[in-house]
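*Asks:* The structure's right below; bear with me while I get my questions together.
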Amino acid sequence: MTAAEKLTLWLAQLRDTGRGVLVARLVIAAAGALAIAVPGTAAWDQLDLVPLVAIPLLAATVILPDSLAGVVLLLTITFGWLIRAPAEISWQLVMTAIAVVVTHLATAFAAQLPSYVRVERRAVRRWVVPGAIALIIAPLVAIAAALVKGADVPGSLLVTVGALVLATITIWFAAGQRLGRD
């Protein structure tokens, strides 16, 4: 297949892009941009290398959500966050966490679908519920971690890990997953 034929095929698939896939890719772009931009405005000053690597990875993730670019994007943002983020919880930290979760969920949704597929409302609902739960649980975990940390309770790491495990289980069951095979 020549380059012109590949380009023609790609443009035809782009023209036939379903609304659900387009929305998922727009959510990836918006949440990914937020995950890159918010740490840059924070007082903890992320590494300069993070946006330089993350911006092209975000573009690649939007175009090819089923590629390795999405994983590397999330790892890059998380690495930059872990290197320079302070110990105290701030709104920038919570917004970055929410943006990373939303980027991950939207990328996982878009990666399962060819660009030309039509998505039914039932399929979108299966992803909106865990996404909404993740958006609600991330600030609650941050508030609980701040309260436990401020109280100087021994084992606060266990409380935070327990809250994250509970959040994961809640998202798992809200998505309609089952523990055993049917």
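The values are calculated or read from the model by the stated rules, or taken from the named source; none is laboratory data. Given the structure is predicted, the values throughout are model-derived calculations rather than measurements. Note: ideal-geometry Cβ built from the backbone for every residue, glycine included; neighbour counts use all protein chains shown. Heavy atoms of the whole protein, side chains included, go into the accessibility calculation; ligands, DNA and RNA do not. Shrake-Rupley method; radii C 1.70, N 1.55, O 1.52, S 1.80 Å.
*Asks:* Quick check on region 1-132: take the gyration tensor over C-alpha atoms, sort the square-rooted eigenvalues as a ≥ b ≥ c, and tell me if it's rounded (a/c under 1.5), prolate or oblate.
*Replies:* Here region 1-132 falls in the oblate category.
*Asks:* Given labels modelled 7 Å from the Cα in the Cβ direction, how far is it in nm from residue 3 to residue 79?
*Replies:* 3.1 nm
*Asks:* Just to check I understand the Karplus step: with θ = phi - 60° and J = 6.51 cos²θ - 1.76 cosθ + 1.60, what whole-Hz values come out for region 9-25, glycine and proline as x?
*Replies:* The phi angles translate into 5, 5, 5, 5, 5, 5, 5, 8, 4, x, 5, x, 5, 5, 5, 4, 6 Hz.
*Asks:* Here is a follow-up. Taking R0 as 22 Å, what FRET efficiency do you get between residue 23 and residue 136 from their Cβ-Cβ distance, rounded to the nearest 0.05?
*Replies:* Efficiency for this residue pair is about 0.60.
*Asks:* Right, here's the next one. For region 1-78, what % of the accessible area comes from carbon and sulfur atoms, probe 1.4 Å?
*Replies:* Of the solvent-accessible surface of region 1-78, carbon and sulfur hold 73 percent.
*Asks:* So for the pair residue 66, residue 122, with labels modelled 7 Å out along Cα→Cβ, what separation do we get in nm?
*Replies:* With each label point 7 Å from Cα toward Cβ, the separation is 2.2 nm.
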